[in-house]
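Notes to accompany the following structure.
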Amino acid sequence: MADLNDPVRLAELRGAVLRADADAILDACVVRAAKLARSPIAVVSLLVRHVQLLRAQHGLPLELAVSCATSRSNSFCQLVVLDEVPLIVDDALRDERVPKELVESYGIRAYAGVPVRAHGHVLGALCVLDVVPRRFDQRIVGALEQLAIDVSGRLSALTLSDAPLASADVQERLVRVEQATRALERALLALSPVIAAAQAATAGPRVDAARGIDASRATHVTPASLRAAVSCWRDMGPVAEGLCEEAAAIASASPCEAASGLATEARALARNLAEIGPLVRLAEGVLDGTLGEAAAAKGRALVLRGALDAHEAASAAVQRLRAGALRARAATAGPGSGGAAGPPEAR
C-alpha cells in the first residue's frame, strides 16, 4: 500500500501540474472518458496533502466545478492512489470502502477510477462517476486505463515546466527569494478574511487560536475586503512559481545544505497555496454571483478543513524559506563579505 504523504510522490505535484487553468489535453481526456463510460461525470484528480484537486472535470455540480477540489479524506480517488490499482464501486451507498460525504451531498452512487502517474509515481486518478448504482465492466475499465496513459503523459510533461532558470548570481537569487517570501507572507495574512468568513458560514462563529483566525469577526468582513483577498491569492500564484524556479536554480548551483533545502520547501509552499485555492474560488463565486450561498456552503464543507491546514502549513513554509535563504546567503557569501546576510532591513 502506498503512502499518500510520500514526499517523493508529493514532489511530482509542482509547477503547471497544480494550476487551476484549463488544459486542453486533460479536458479532452475527461470528455472522452465520460462518453466511453456513458457517465455524466468524469474527472482527473490529484491527491495533494490536504485536498483532492480536480485538475480537469466534465459534468460536475457548479460549486465543485468552481472550487475544483474536495477534501482528500472524503475522496474515492485516495483509494486508487493508496492501492495503485483501479477501483470499481457499483453502489457507493452500500460499499464500506468509500467515504459517504459525496454520496450524501451529491448522490454519487457508482465510480470507476484508474491511476494516473508522473515519472512512475501515482498522483491521482482518471475516474468516471454516476448518480445511479451501476456496473462498470472490464471494457470500460480497459478504455480508462488507455486514456490514463495520455493523462499521465500530459502530467509528466507539465512537471517539466518547473525546470531551473538559466544561471545567475546565487546571492542575487537568494535576495529575490527573501523578497518573495515577504510578499507571500503579506498575501497569506490578507487571506484570513476569506477563511474567517468560510468558518463562520460553515461551522458558526468561533476563534481558531491555533491558526490565529477569529471566525467570530467574519460578520464584519466586507465584500470589498473579500475581493481584495481574492486578488491577493491570484497574485500569489506567479510569485510562488517564480520562487520555485529561483530555489531550483539556487539548489543546482550551490552545494550547501541550506541551498539544497530551498527547492523542497518552495515546492511544498506552492502545493499549500494550490490547496487554499478552492476555498478562495468559492468566495469569488459568491461575490460574482456565480454561486448561490447554499451551493457555496456545500462546496465549503468539502474543502474548508484542508484549506485551513494548508494555510497554516503555507505560513510556516514561508518562514522556513526566509530562514533558509538567510542561511544560504551566509554559507555562499564570497571571501571578504564576512558571511553577512544582508542589511538589517532585508532580514
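The values are calculated or read from the model by the stated rules, or taken from the named source; none is laboratory data. Everything quoted here is computed from the prediction, not taken from an experiment. With ideal geometry, Cβ positions are generated from the backbone for all residues, glycine too; neighbour counts draw on all protein chains shown. Ligands, DNA and RNA are excluded from the accessible area calculation, which covers all protein heavy atoms including side chains. Shrake-Rupley method; radii C 1.70, N 1.55, O 1.52, S 1.80 Å.
Could you tell me the calculated FRET efficiency between Glu172 and Glu293, based on Cβ-Cβ distance and R0 = 56 angstrom, to the nearest 0.05?
0.70
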ask   = Roughly how many debye, to the nearest 20, is the charge dipole of the chain about its Cα centre, given +1 on each Lys and Arg Cβ, -1 on each Asp and Glu Cβ, and no other charges?
value = 260
ask   = How big is the Rg/Rh ratio for the range 41-153, C-alpha atoms only, Rh by Kirkwood, two decimals?
value = 0.92
key: D (Stokes-Einstein, µm²/s), Kirkwood Cα radius, the chain, 1.306 mPa s at 10 °C   = 75
remark   = Per the rule of 0.36 nm per residue minus the C-alpha distance, extending Ile149 to Leu93 adds in nm 17.1 nm
query = Can you work out D for the range 1-81 in µm² s⁻¹ from Stokes-Einstein, where Rh is the Kirkwood radius over C-alpha pairs, the temperature is 25 °C and the viscosity is 0.890 mPa s?
reply = 184
key: Candidate residues Val286, Val48: accessible-area rank, largest first, probe 1.4 Å   = Val286, Val48
request  = Heavy atoms only, probe 1.4 Å: what % of the accessible area of the chain goes to carbon and sulfur, would you let me know?
outcome  = 55
task = Would you mind giving the three semi-axes, in whole Å and largest first, of the ellipsoid equivalent to the range 1-44 according to its Cα gyration tensor?
result = 26, 16, 7
